[in-house]
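The values are calculated or read from the model by the stated rules, or taken from the named source; none is laboratory data. Source: prediction; values computed, not measured. Cβ sites come from the backbone with ideal geometry, for glycine too, and all protein chains shown count toward neighbours. Ligands, DNA and RNA are excluded from the accessible area calculation, which covers all protein heavy atoms including side chains. Shrake-Rupley method; radii C 1.70, N 1.55, O 1.52, S 1.80 Å.
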Amino acid sequence: MKVLFLGDVIGRAGRTAIQSNLKNIQKSNQIDFTIINGENSAGGFGITENICKDLYSYGCDVITTGNHLWDQKEISDYIERDNNLLKPYNFPQGTPGLGFNIYKTKQNDAIMVINLIGNVFMKSDDNPFLKVEEILKKNQLNSELKFIFVDFHAEATSEKVAMGHHLDGRVTAVVGTHQHVPTADSHILPKGTAYQTDAGMCGDYNSIIGMSKEPILDRFQGIKSKSKFSPAMGEATICGVIIESDAETGLAKNIKPIKVGGVLGV
Ligand SMILES: [Fe+2]
């Protein structure tokens, strides 16, 4: 199975790039299933029902999220009606929405997507290393479940690398999000799990991690800024990874980073 995962979509620039390019990327790489982290897609802060529907119409199958999930008020009602929009599973008990789910590809193969969030240098949530065990106790790679994908939305590289090794050999892929810069460490871990510390963002890289430079530069210099934080509007680079799994074991055969368009495009 070939799965495309794209990192955090930042505002309109990211959405437009996905609208223009996703179908081509899927076709030229024979993609079976597409997952996108959408937590910054609404003006950099959160996601709305309409944006979810737009991303699905562009070819996205499942949307993962992170710390900005609740920034748009409407989403806490909507997520209860949309099983393809995931929250981090280790958010506090009682939080609306699903943190993992099993889906079907076009070939009718089962794929599980798990969304987790980190605790280091972030608001503290339930322990992701312990919470993921609740899911894996009941769900393992087997002849029915051919792919398990984990989006670990975290700030600290060490926490992400640790999660990769924690899950090595038990899931198909662990890919990080939230840092908005793609890391150059895609590889297969010793027991067969594909790993990359951060997928990078789908956004304008002529920016400060996707946002217009001026107010952020002002803040770093201690200057009261005249402008608000807003997404940079230049051409976005679509960043992510393509993971190919072994049909027999469900473990990874290959992980390949992609960068399409904009400043980082190759
Ligand atoms: Fe984030």
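Just one of the numbered conditions (1) under 12 Å from VAL171 (Cβ atoms); (2) open to solvent by 40 Å² or more (accessible area, probe 1.4 Å) is not true of PHE149; which one?
Looking at each condition in turn, PHE149 falls short on (2).
Looking at GLN93, GLN140, which is the one that is open to solvent by 40 Å² or more (accessible area, probe 1.4 Å) and either touching a Lys or Arg at 6+ places or on another chain (Cβ under 8 Å) or at pLDDT 95 or above (or both)?
Every option except GLN140 fails the conditions.
Quick test of your reading of the structure: GLN179 fulfils all but one of (1) in contact (Cβ under 8 Å) with a residue 60 or more places away in the chain; (2) surrounded by fewer than 24 Cβ atoms within 10 Å (Cβ to Cβ); (3) under 13 Å from the mean Cα position of the chain (by Cα). Name the failing condition by number.
Tallying (1) in contact (Cβ under 8 Å) with a residue 60 or more places away in the chain; (2) surrounded by fewer than 24 Cβ atoms within 10 Å (Cβ to Cβ); (3) under 13 Å from the mean Cα position of the chain (by Cα), GLN179 fails exactly one: (1).
Failed condition for VAL266, given (1) of a type in the set (A, V, I, L, M, F, W, C); (2) closer than 26 Å to ASN21 by Cβ; (3) modelled with pLDDT of 95 or more, with all others met?
With (1) of a type in the set (A, V, I, L, M, F, W, C); (2) closer than 26 Å to ASN21 by Cβ; (3) modelled with pLDDT of 95 or more applied to VAL266, the lone miss is (3).
Among the listed residues ASP8, ASP77, identify the single one that is crowded, with 17+ Cβ neighbours inside 10 Å, acidic (Asp, Glu) and at pLDDT 95 or above.
ASP8
Looking at ILE208, ILE188 in this structure, which one is out of contact with any Leu (no Cβ under 7 Å at 6 or more places or on another chain), surrounded by fewer than 24 Cβ atoms within 10 Å (Cβ to Cβ), within 18 Å of GLY14 (Cα to Cα) and not small (Gly, Ala, Ser)?
Unique residue meeting the criteria: ILE208.
On the basis of being at pLDDT 95 or above, under 20 Å from GLY66 (Cα atoms), open to solvent by less than 60 Å² (accessible area, probe 1.4 Å) and more than 16 Å from the chain's Cα centre (by Cα), does ALA173 make the cut?
So ALA173 does not fit the description; no.
Search segment 21-45 for residues that are more than 16 Å from the ligand (Cβ to nearest atom) and of a type in the set (D, E, K, R) and pair each with any residue that is part of a loop (DSSP other than H, G, I, E, B) and modelled with pLDDT of 95 or more when their beta-carbon atoms are under 6 Å apart and the residues are at least 6 apart or on different chains.
From segment 21-45, the pairs are LYS23/GLY59; ASP32/MET1; ASP32/THR105.
Sort out which residues of segment 58-74 are open to solvent by 10 Å² or more (accessible area, probe 1.4 Å), within 16 Å of the ligand (Cβ to nearest atom) and either among the polar types (S, T, N, Q) or over 14 Å from the mean Cα position of the chain (by Cα) (or both), and write them in order of number.
Answer for segment 58-74, where residues must be open to solvent by 10 Å² or more (accessible area, probe 1.4 Å), within 16 Å of the ligand (Cβ to nearest atom) and either among the polar types (S, T, N, Q) or over 14 Å from the mean Cα position of the chain (by Cα) (or both): ASN67, TRP70, ASP71, GLN72.
Quick one: what pairs do we get from segment 245-266, first residue open to solvent by less than 30 Å² (accessible area, probe 1.4 Å), second basic (Lys, Arg), C-beta under 9 Å, 6+ apart or different chains?
Listed pairs, sorted by first residue: SER245/LYS2; SER245/LYS146; SER245/LYS253; GLY250/LYS146.
Which of the numbered conditions does TYR103 fail, given that it passes all the others? Conditions: (1) assigned to a loop (DSSP other than H, G, I, E, B); (2) open to solvent by less than 30 Å² (accessible area, probe 1.4 Å); (3) away from the ligand (no atom under 16 Å from the Cβ).
(1)
Report the residue count in segment 161-201 for those that are under 22 Å from MET1 (Cβ atoms) and within 13 Å of the ligand (Cβ to nearest atom).
Counting residues in segment 161-201 that are under 22 Å from MET1 (Cβ atoms) and within 13 Å of the ligand (Cβ to nearest atom) gives 3.
Just give me the residues in segment 46-57 being more than 16 Å from the ligand (Cβ to nearest atom), surrounded by fewer than 24 Cβ atoms within 10 Å (Cβ to Cβ) and under 16 Å from the mean Cα position of the chain (by Cα), in sequence order.
Listed by number, the residues that qualify are CYS52, TYR56.
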